[in-house]
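The values are calculated or read from the model by the stated rules, or taken from the named source; none is laboratory data. Because the structure is a prediction, the values reported are computed rather than measured. Cβ sites come from the backbone with ideal geometry, for glycine too, and all protein chains shown count toward neighbours. The protein model used for the area step is the full one, side chains on, heavy atoms only, and it has no ligands, DNA or RNA in it. Shrake-Rupley method; radii C 1.70, N 1.55, O 1.52, S 1.80 Å.
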Amino acid sequence: MRVLDRTNAPVPVTVNGIVIAPEAIAAEAQNHPAPKGKPAWAWKAAARALVLREVLLQEARARQIAPAPVELAEGQWETEEEALIRQLLESAIPPAVIDEDELRAIYDDAPDRFRGPSLFEAAHILFPAAPDDAEGRAAARSRAETVLAELHRDPRRFAALAAEHSACPSRANGGMLGQLASGDTVPEFEAALCSMDEASISGTPVESRYGFHLIRLDARVRGEVLPFTTVLPHLRQAQEKADWVRASRAYVEELAAQAEVTGIDLADHLAKEARLSA
């Protein structure tokens, strides 16, 4: 809810006296879908986002930073305000100091997490349903369970049942997908491939964004554990990103705490964020 004054009129959202227009908050709210039953949530989230943006822009201008937009993708450039915020954070947040021994400890603690791509030979039967179609997904699951029961009675019918029921073009090849590598399929499908025994059919229909799959895993070659020297650049990049996120959040919270904000309880939100990141 908006903060009200004693006359029950909405208090304008301001940052150090600069008013954030209600129209701007309403437009920003489109980027913050509200949880069911909480219509005011999107407005508050949008107001907080624009307040923090204004705090950063005011600090960038106080430092007299000249905007220098960069090209984000071919033909797509930052706005001047986006450039100001980026340049401010670049100047205010020092580069992370990465301890390679700590990264080595992360690697040594669970080297099995760092494997090269696995290879799979698999086939499937797809029963399609849109992610947001509850009735269609229930019907697709029911059809998949019926066909799965037939497969359990006679696994040799997989190719024939794929040709009859599958909505995937692989139906023409008995459901065969050829050789797959890690990352070639959606995560739910790959997770099933990793958990199945070779020469087996999935015990239940596997749900994905596309619908339900009956999967046969013919063969699997698990990727080898990668050496630390190969993994190190990725670990370093992940650590640098995590450190930057923590440092930038702390910096924004510090600036926001020094600003005079009306119309929204920013202090309570920042306190919650600090507890979550602690």
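By how many nm would the segment from residue 11 to residue 229 lengthen if fully extended, with 0.36 nm per residue of separation less the alpha-carbon distance?
Values: separation 218, 0.36 × 218 = 78.48 nm, distance 5.68 nm.
So the extension gain works out to 72.8 nm.
Compute the FRET efficiency between residue 18 and residue 236 as 1/(1 + (r/R0)^6), taking r as their Cβ-Cβ distance and R0 = 35 Å, and round to the nearest 0.05.
Details: r = 40 Å, r/R0 = 1.14.
Working from the Cβ atoms, E equals 0.30.
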Partner aspartates and glutamates whose C-alpha sits under 15 Å from that of residue 38, ignoring same-chain residues fewer than 8 away, are none
Spin-label point model (7 Å from Cα, Cβ direction): what's the residue 90 to residue 105 distance in nm? 3.3
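How much length is gained if the chain between residue 133 and residue 209 is pulled fully straight, taking 0.36 nm per residue apart and subtracting their Cα-Cα distance, in nm to one decimal?
Details: separation 76, 0.36 × 76 = 27.36 nm, distance 1.08 nm.
Extra length available between residue 133 and residue 209 comes to 26.3 nm.
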Do the sum for the chain: with -39,500 (n - 2.57) for every DSSP H run of n ≥ 4, divided by all residues, what is the mean residue ellipticity at 222 nm, to the nearest 500 deg cm²/dmol? -16000 deg cm²/dmol
So, in nm, how far is label residue 38 from label residue 64 when the simple model puts each one 7 Å beyond its Cα toward the Cβ? 4.4
Largest fluctuation, 207, 240, 54 only, Gaussian network model of the chain with Cα springs under 10 angstrom, belongs to 207
For the pair residue 247/residue 97, report the inter-label distance in nm, with labels modelled 7 Å from Cα in the Cβ direction. 1.1
Surface accessible to a 1.4 Å probe, per residue, for the residues of the stretch 135-278, Å²: 58
What is the sum of charges, Lys and Arg at +1 and Asp and Glu at -1, for the other residues whose Cβ falls under 11 Å from the Cβ of residue 226? 0
How big is the dipole moment of the stretch 24-99 about its Cα centre under a simple scheme where the beta carbon of each Lys and Arg is +1, that of each Asp and Glu is -1, and everything else is neutral? Debye, nearest 20, please. 600
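Hydropathy at least -1.0 by Kyte-Doolittle, axial extent at least 30 angstrom from the Cα trace: which helices of the chain, defined as entire DSSP H runs, fit?
Length and hydropathy pass: 40-62, 228-258.
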What number comes out for the charge environment of residue 111, summing +1 per Lys or Arg and -1 per Asp or Glu over other residues with Cβ under 14 Å away? 0
Can you tell me which of 138, 181, 162 moves the most in a GNM of the chain? Springs connect C-alpha atoms under 10 Å apart. 138
If unit charges are put on Cβ atoms (+1 for Lys and Arg, -1 for Asp and Glu) and the dipole of the chain is taken about its Cα centre, the option from 231, 214, 106 lying farthest towards the positive end turns out to be 214
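So which trypsin sites (Lys or Arg not before Pro) in the stretch 135-212 end up in coil per DSSP with only 11 or fewer other C-beta atoms within 10 Å?
Working: sites: 137, 141, 143, 153, 156, 157, 171, 209; in loops: 209.
Sparse-neighbourhood loop trypsin sites (Lys or Arg not before Pro): 209.
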Heavy-atom accessible area of the chain with neighbours in place, 1.4 angstrom probe: carbon+sulfur share in percent works out to 54
Keeping every protein chain present and rolling a 1.4 Å probe, give me the accessible area per residue for the stretch 7-81 in Å². 63
Name the aspartates and glutamates eligible as straight-distance cross-link partners of residue 44: C-alpha to C-alpha under 19 Å, and not fewer than 8 places from it in the same chain. 5, 23, 28, 54, 253, 260, 265, 268, 273
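What FRET efficiency comes out for residue 222 versus residue 80 if R0 is 51 angstrom and r is the Cβ-Cβ distance? Round to the nearest 0.05. Each step should come with its number before you reach the end.
Working: r = 50 Å, r/R0 = 0.99.
Efficiency at R0 = 51 Å is approximately 0.50.
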Running a GNM on the chain with Cα contacts under 10 Å, which residue among 39, 233, 111 ends up with the highest mean-square fluctuation? 39
